[in-house]
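Enquirer: Take this structure first; my questions come after.
Read the figures in this text as sums done on the coordinates, not as results from a lab. All of these numbers come straight from a predicted model, not from anything done at the bench. As a convention, Cβ positions derive from the backbone with ideal geometry for all residues, glycine included, and neighbour counts pool all protein chains shown.
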Amino acid sequence: MLINIEDLRQRARRRLPKAVFEYVESGAEDGYTLNANRRGFERYLFRARSLVDVSARDQSTTVLGQKLSTPLILGPTGLAGLLAPWGEVLAAKAAASRGSLFTLSTMSICTIEEVAAAAPPPLWFQLYVWKDRGITRSLVERARAAGYHALCLTVDVPEMGNRELDRRNGFSVPPRLTFTNVLDIFRHLGWVLRMSSSPRATFGNFIDTGSLAKKDAVSVAGFTNRQFDPSISWKDLEWLRSIWPGPVVLKGISCAEDARLAVEHGVEALIVSNHGGRQLDFLPAAIDVLPEVVDAVQGRAEVILDGGIRRGSDVVKAIALGARACMIGRPFLYGLAANGQAGVELTLDILSKEIDRTLALIGRPRLSELDRSALRMDLLPST
Ligand code: FNR
């Protein structure tokens, strides 16, 4: 029975080759931040009100002026197309069908154009800045031409995080056929069969740029460390503005100082995120950084919480602490691996039903009325 996100995770685990599932699961080094993202939500308890008329509930919101039926955004996840053929297209369609929104990663299997052609708006495009600024510019121009609404610049990958599971598995695209991989693939012939209808098994956005080796498999960390520009800094935001006329979102903010700088640079929204614990280990839980960032921003930009969401109650806590919406990564990837588009729709349905139920049970029928008084801030244990 698939009734919660953990059920979808277990289904995904059974259906995917080990190296692919572990690519999704992996955190950096000791996994402190990966686990803290989950544990962080347990520190916040509700302050429920009784005898409130909760017969009409509303979890809709707006993000960057666009109406969402639920405060959930599908975050950018590289290589989602390895979990199901046309994975990014399926996830984008699922988001649209549930009034959510999809963010396409630079490192996707499906291209910018393939996703935009198949899925209705709104779509965001997540950018990594390439050392070759010509390639960066062309990605941005392609996203603009294809009608993406916002550019989401990820700022927490000046160097790829140390994901030891991927290193041990020799994770690469296209998957390298080592002895262990071949054995494991034989146990997942369903995946092999499904993937035979995939458009390709490598990063779609770069097939024509010359930055991908033509025949060889590339290690994901090796490829990105060679291509990503570690010199990018706040001044590059002006350059990005000059080539992108729409809203800019910064993903990966983890302290008040950077939140203030983001606002000073005119960023429309920022995402409190530690990349799902995949980059710097020993950052605090995303939910524990959120209040500091919300206080620093003072309403001058929209704040989105990303990392560790597995229950609707997590979303309600983040909104109560001042987030406008929440981004999810692994939860929708589990759904995608479990059952394609319908699986991602189920992820969104499970979480939004849980949000709805939580709103009823805490006596706050409308998301827009949530504030910190919905939480027992007085009982907050110290970290
Ligand atoms: C990611 N994430 C990510 N972020 C980003 O900005 N660009 C990317 O290409 C990727 N790729 C990626 C792949 C996979 C497999 C995962 C799991 C994550 C990070 C992602 O957008 C998000 O920050 C986290 O997934 C949020 O944490 P949860 O929801 O997975 O706990």
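Enquirer: Can you give me the number of residues within the range 146-194 that are within 23 Å of the chain's Cα centre (by Cα) and aliphatic (A, V, I, L, M)?
Expert: The number of residues fulfilling the criteria is 9.
Enquirer: On the basis of being more than 16 Å from the ligand (Cβ to nearest atom) and of a type in the set (D, E, K, R), does K67 make the cut?
Expert: Criteria met by K67.
Enquirer: If you check G299 against the conditions, is it more than 16 Å from the ligand (Cβ to nearest atom), within 22 Å of L68 (Cβ to Cβ), more than 18 Å from the chain's Cα centre (by Cα) and not in a strand (DSSP E or B)?
Expert: Criteria met by G299.
Enquirer: Could you check the range 264-289 and list, in sequence order, the residues that are under 17 Å from L375 (Cβ atoms) and either crowded, with 23+ Cβ neighbours inside 10 Å or of a type in the set (F, W, Y) (or both)?
Expert: Filtering the range 264-289 for residues under 17 Å from L375 (Cβ atoms) gives 272, 285-289.
If the condition is that a residue be under 17 Å from L375 (Cβ atoms) and either crowded, with 23+ Cβ neighbours inside 10 Å or of a type in the set (F, W, Y) (or both), then V272, A285, A286, I287 are the ones that fit.
Enquirer: Something else about it: Which of (1) within 11 Å of the ligand (Cβ to nearest atom); (2) in contact with a strand residue (DSSP E or B) (Cβ under 9 Å, 6 or more places away or on another chain) does D58 not meet, given it meets every other one?
Expert: Single failed check for D58: (1).
Enquirer: Now, a different point. Among I355, I319, I350, I304, which is the only one that is assigned to a strand (DSSP E or B) and crowded, with 20+ Cβ neighbours inside 10 Å? Give the steps one after another, and end with the answer.
Expert: Values: I355 fails: assigned to a strand (DSSP E or B); I319 fails: assigned to a strand (DSSP E or B); I350 fails: assigned to a strand (DSSP E or B).
That would be I304, the only listed residue that is assigned to a strand (DSSP E or B) and crowded, with 20+ Cβ neighbours inside 10 Å.
Enquirer: Confirm whether T77 is in contact with a helix residue (DSSP H, G or I) (Cβ under 9 Å, 6 or more places away or on another chain) and within 30 Å of L380 (Cβ to Cβ).
Expert: no
Enquirer: Could you please find all residues in the range 64-84 being of a type outside the set (A, V, I, L, M, F, W, C) and closer than 15 Å to A12 by Cβ?
Expert: Those that are of a type outside the set (A, V, I, L, M, F, W, C) and closer than 15 Å to A12 by Cβ: T77, G81.
Enquirer: What about D288, is it over 28 Å from V89 (Cβ atoms), out of contact with any strand residue (DSSP E or B) (no Cβ under 6 Å at 6 or more places or on another chain) and touching a residue at least 12 places away in the same chain (Cβ under 8 Å)?
Expert: yes
Enquirer: Turning to a different aspect of this structure: Enumerate the helices (runs of 4 or more DSSP H) found wholly within the range 159-268, keeping only those where 3 or more residues are small (G, A, S).
Expert: Helices (runs of 4 or more DSSP H) meeting the threshold: 256-264.
Enquirer: Pairs needed: first member in the range 123-144, of a type in the set (D, E, K, R); second member anywhere, part of a strand (DSSP E or B); C-beta distance under 8 Å; at least 6 residues apart or different chains.
Expert: Final answer for the pair search is K131/F228.
Enquirer: I'd like the full set of residues that are part of a loop (DSSP other than H, G, I, E, B) and within 8 Å of the ligand (Cβ to nearest atom), limited to the range 269-280.
Expert: First pass over the range 269-280, keeping only residues part of a loop (DSSP other than H, G, I, E, B): 273-274, 278-280.
Those that are part of a loop (DSSP other than H, G, I, E, B) and within 8 Å of the ligand (Cβ to nearest atom): S273, N274, R278.
To keep it simple, each residue is scored yes or no on (1) in contact with a strand residue (DSSP E or B) (Cβ under 8 Å, 6 or more places away or on another chain); (2) on the phi > 0 side of the Ramachandran plot.
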{"residue": "V272", "(1), (2)": "yes, no"}
{"residue": "G276", "(1), (2)": "yes, yes"}
{"residue": "I362", "(1), (2)": "yes, no"}
{"residue": "R372", "(1), (2)": "no, no"}
{"residue": "M377", "(1), (2)": "no, no"}
{"residue": "P381", "(1), (2)": "no, no"}
